[in-house]
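Enquirer: My questions all concern the structure below.
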Amino acid sequence: MYRYDEFDHAFVSQRVSQFRDQVERRLSGDLTEDAFKPLRLMNGVYLQLHAYMLRVAVPYGTLNARQMRKLAHIARTYDRGYGHFTTRQNIQYNWPKLSDMPAILEELAEVEMHAIQTSGNCIRNVTADHFAGAAADEVADPRPYAEILRQWSSVHPEFSFLPRKFKIAVTAAEHDRAAIQVHDIGLQLKSDDAGNLGFAVWIGGGQGRTPILAKKVRDFLPEADLLSYVTAIMRVYNLHGRRDNKYKARIKILVHETGVEQLTSEIEAEWAHLKDGELRLPAADIAAINAYFAPPELGDRAEGWGELAAWKKSDPGFAEWVGRNVAPHRHPDYGMVTISLKPIGGIPGDATAEQMDSVARLAEEFGHDEIRVTHEQNLVLPHVALADLEPLYRALLADGLATANAGLITDIIACPGLDYCALANARSIPVAQEISNRFGDPARQAEIGEFKIKISGCINACGHHHVGHIGILGVEKKGAELYQITLGGSADENASIGEIIGRGFEPERLTDAIETIVDTYLVNRLGSDEKFLDCYRRLGAAPFKTALYDASAQAA
Amino acid sequence: MPIIWTRDGIVDNDPWIIPEHHEDAEAGLEPGAAAVSKGKTLLTLEQALALDGGESGFGVILQPAEDVRALASLLDRVAILVLTFPAFSDGRAFSQAMLLKDRLGFSGELRAAGTVLLDQVPLMLRVGFTSFVVDHAPTLERLEQKRLPGIDLHYQPSADTTRDPGGYSWRRTAILNG
């Protein structure tokens, strides 16, 4: 993974001093809260319902054990002993004191971490496929490009006061695990016929109040042009994006209102001036950044095949966990292990300091010191030998981290909702917990199969509800919480925005409604190999509507 | 009373006058040459474009929505360009400045007006602003002390004068409080 050089260390250290000075001026009154707000947001500090919140960047979701231990230490020392992994591959602390923030940032800097641009109307933490560097289906590791974008976008003088936040995601596989079509810029690393690397460039995707899928503006942008082209997009957006209404300020609205062809021609015209300039990436620089991401030495461990088969036979729980949470690695003797942060009835994405320490230790022992955070709020050990799966599983089991539900109906994404968030209209966490408990039986989950439920407590859609197979949106109606259900959303390469199925449900009726949808699917599917999403796309909303609303009308 | 600050310190007797209601073409300003002859009142874009060709040494104030490229043919005769920040959250003038300095090669004075606060000044310097209209007392105090809250290491080229520290092509350094 990337390691800071002297320049990076000096930069982060000066950034911490800069923020310390800003906090002091805020506390002395030289800075008003109004003027301080964008400054603290650009360093990940929110003012939430009960306390300040700090969002720490995990660039493209990659961590090592030392960094994870530091996250645990911060949870223990400055917070209440836990942290919350987010849908943007970051971690949030819910209870730190403002006066402790500079000290926390200094601690993070010791392990080459920061909170730069985890919020604010600037270029946010660049996200990437959580299986990058290990997946069999990728063209190349996309993270070096995410790292180049991270560096280039850090305290960018021209793009620190954009109309609205700006999110970039990078993947390198046809099967999109990074949800690039719901990002402001989505980049798919690919190879041309001659073997050169470049990007398919998508712009204008986003969720929030107006969910829109991204439009492809370039099928193959040579890798050397990455920064110049992104600069051209950013400049056109910064000059022309709407600033009169924050709900219309994302680039998706500019694309929609200007038209993708017109906007693309403006971007291309701008790029024509930039492409041969200082931003053109020298091949040597790309190679130097790539060198940091050289895969670990993975020796052959063929003995794992036999051992794995024997262990699976003797322990059905282990077999189930391997079946759900271990995906094939590009080295046949290894697997990519998902550590579920979705225990049945738990809070999606939360991890205690002890659990973080355990994951750090296990990453060192079994995982070549690599950890990933997924946008689905789980952790991943990307390089584990099949021969090590059994001891890893035993250790995870002891720490409550062996829930075998990756990709199943209890692997729920949920934002913090009204339990923490100042923007929320409704609770998300208790909704997720109740659904998780309802469907917690392993046999039932397995019977239902792949299923993505995503829950947001307000229209800002941090819980990605628009792209859930079932999306749940909490709204406030006449002072009470009400939950709208959407069906058929997806964030992969066949992305779609879910459709609202009908009127919303009160909190006490919501889980029943979810169960009705699931039962309707089970009755109507062609077989257990027809996934919910495929079934919904084949049948449309009608049978689900009938089941949800006709039955309840009869019952009433 | 707003003060004009540059990296050389506070400017006394700055001649440039921002017209009242400058966004309003009907504000009583004479168009074109007549306005120039009145002295140092900044021209609007419309007035500047109406000049007949002989004048030079005039100043122009632009609004964030205006296309700075419209001034391309006049730039060698412009003494000062003023870009405006209606609110500190409105960052359009950062891109306008880049286009003027980096694209169009404007070498005259580039002034930031509107909401100019301490923490934005280092970024404004990077995109090529050279003078600042400041009326926020704590900001002015820090500027006078040459204690700007910026960072000397940069991850991107911009319109300012920087050093290439070697290593990756996108990196630059500059001493902010030198």
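The values are calculated or read from the model by the stated rules, or taken from the named source; none is laboratory data. Just so it is clear, the model here is predicted, and its values are computed rather than measured. Glycine gets a Cβ as well: all are built from the backbone with ideal geometry, and neighbour counts include every protein chain shown.
Enquirer: For A:Y93, indicate whether it is at pLDDT 95 or above, over 27 Å from A:A249 (Cα atoms) and of a type in the set (S, T, Y).
Expert: Taking the combined requirement at face value, the residue satisfies it.
Enquirer: Okay, next question. Considering A:D419, A:D388, A:D350, A:D369, which residue is under 18 Å from the mean Cα position of the chain (by Cα) and acidic (D, E)?
Expert: It is A:D350.
Enquirer: Would you mind listing the helices (runs of 4 or more DSSP H) fully within region A:206-322 where at least 1 residues are without any contact (Cβ under 8 Å) to a residue 40 or more places away in the chain and touching a Pro at 6+ places or on another chain (Cβ under 6 Å)?
Expert: Answer list for region A:206-322: none.
Enquirer: Restricting attention to region A:267-279, which residues are buried (at least 17 other Cβ atoms within 10 Å of the Cβ) and out of contact with any strand residue (DSSP E or B) (no Cβ under 9 Å at 6 or more places or on another chain)?
Expert: Within region A:267-279, A:E270, A:W271, A:L274, A:K275, A:L279 meet the criteria.
Enquirer: If A:L298 meets every condition in (1) surrounded by 13 or more Cβ atoms within 10 Å (Cβ to Cβ); (2) within 14 Å of chain B (Cβ to nearest Cβ); (3) under 32 Å from the mean Cα position of the chain (by Cα); (4) not β-branched (V, I, T) apart from one, which number is that one?
Expert: (2)
Enquirer: Name the one entry in A:A249, A:A272 that is under 28 Å from the mean Cα position of the chain (by Cα) and farther than 20 Å from A:L197 by Cα.
Expert: The unique qualifying residue is A:A249.
Enquirer: Could you tell me whether any residue of region A:321-330 is of a type in the set (A, V, I, L, M, F, W, C) and farther than 30 Å from A:I435 by Cα?
Expert: The answer is no, given that none of the residues of region A:321-330 is of a type in the set (A, V, I, L, M, F, W, C) and farther than 30 Å from A:I435 by Cα.
Enquirer: Mind telling me which of the residues A:A72, A:A103, A:A115 ends up being outside any loop (DSSP other than H, G, I, E, B), under 22 Å from A:V23 (Cα atoms) and among the small types (G, A, S)?
Expert: Going through A:A72, A:A103, A:A115 in turn, the sole match is A:A103.
Enquirer: Let me ask you something else. For region A:161-200, give me each residue that is within 23 Å of A:C462 (Cα to Cα) and more than 18 Å from the chain's Cα centre (by Cα).
Expert: Those that are within 23 Å of A:C462 (Cα to Cα) and more than 18 Å from the chain's Cα centre (by Cα): A:F161, A:L162, A:P163, A:R164.
Enquirer: Could I ask something else about it? Say we look at region B:128-178 and pick out the residues that are of a type in the set (G, A, S) and facing chain A (nearest Cβ under 8 Å); which of these is surrounded by the most Cβ atoms within 10 Å (Cβ to Cβ)?
Expert: Only one residue fits best here, namely B:S158.
Enquirer: Looking at (1) more than 9 Å from chain B (Cβ to nearest Cβ); (2) surrounded by 19 or more Cβ atoms within 10 Å (Cβ to Cβ), find the lone condition where A:F11 falls short.
Expert: Answer for A:F11: the failing condition is (1).
Enquirer: Which one of these does A:V126 not meet: (1) more than 14 Å from chain B (Cβ to nearest Cβ); (2) within 14 Å of the chain's Cα centre (by Cα)?
Expert: Of everything listed in (1) more than 14 Å from chain B (Cβ to nearest Cβ); (2) within 14 Å of the chain's Cα centre (by Cα), A:V126 misses just condition (1).
Enquirer: So A:A172 ticks every box in (1) within 14 Å of chain B (Cβ to nearest Cβ); (2) on the phi < 0 side of the Ramachandran plot; (3) aliphatic (A, V, I, L, M) but one. Which box is left unticked?
Expert: It is condition (1) that A:A172 fails.
Per-residue answers, yes or no, for (1) within 13 Å of chain B (Cβ to nearest Cβ); (2) under 28 Å from B:A87 (Cα atoms):
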site: A:V16; (1), (2): yes, yes
site: A:D30; (1), (2): yes, yes
site: A:L39; (1), (2): yes, yes
site: A:V45; (1), (2): no, yes
site: A:H50; (1), (2): no, no
site: A:L63; (1), (2): no, no
site: A:A72; (1), (2): no, no
site: A:T77; (1), (2): no, no
site: A:K97; (1), (2): no, no
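Quick grid of which residues meet (1) surrounded by fewer than 22 Cβ atoms within 10 Å (Cβ to Cβ); (2) out of contact with any Asp or Glu (no Cβ under 9 Å at 6 or more places or on another chain):
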{"residue": "A:K215", "(1), (2)": "yes, yes"}
{"residue": "A:R242", "(1), (2)": "yes, no"}
{"residue": "A:K246", "(1), (2)": "yes, yes"}
{"residue": "A:I251", "(1), (2)": "no, no"}
{"residue": "A:T264", "(1), (2)": "yes, yes"}
{"residue": "A:P282", "(1), (2)": "yes, yes"}
